[in-house]
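Here the structure comes first, spelled out in structure tokens, and everything after it is commentary.
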Amino acid sequence: MGSYKVGYGKPPKATQFKRGRSGNPKGRAKDSRNLATDLAAELGEQITVREDGRSRRISKQRALIKSLMARALPGRCAGNRGNVGALCTRHNGAARRY
């Protein structure tokens with residue numbers, strides 16, 4: 001083997017990465033996303049909504065919040081309490097108020 005010592009932090013020459021070759025040749029798959037990324041992309045899309053006789057373009061997230069609040073305001077909030085709370089957990093503990 002010569003003067004090269006094999007030990008901690010010094011693997012055998014035959015098993016070291018070759019020059020010009022990546023340690024992860026295939027890399028990360030292009031379409032590998034997680035739930036949070038998919039949800040953020042979906043909620044960020046724009047849709048057309050008719051409100052007060054006019055068409056408006058708003059995000060799906062905004063439309064979801066508007067529909068939940070419209071159902072919760074007349075007193076049918078028992079079923080929506082968890083939904084509104086889940087949406088508000090990121091905003092300074094607003095879910096605790098519901």
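Each value in this text was obtained by applying a stated rule to the coordinates, not by laboratory testing. Here the structure is a predicted model, which is why all the values come from computation and not from measurement. As a convention, Cβ positions derive from the backbone with ideal geometry for all residues, glycine included, and neighbour counts pool all protein chains shown.
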Length gained if D31 through K60 is fully extended, taking 0.36 nm per residue and subtracting the Cα-Cα distance, is 8.2 nm
May I ask for the net charge around R57, where only other residues with Cβ less than 12 Å from the Cβ of R57 are counted and Lys, Arg are +1 while Asp, Glu are -1?
-> +3
Projected-area average for region 1-65 over all orientations - Cα convex hull basis, square nanometres | 8.5 nm²
Excluding residues fewer than 8 places away in the same chain, name every one of the lysines whose C-alpha is closer than 16 Å to that of K10.
-> K18
Set of aspartates and glutamates with alpha-carbon distance to K60 below 16 Å, sequence-local pairs under 8 removed = D38, E42, E45, E51
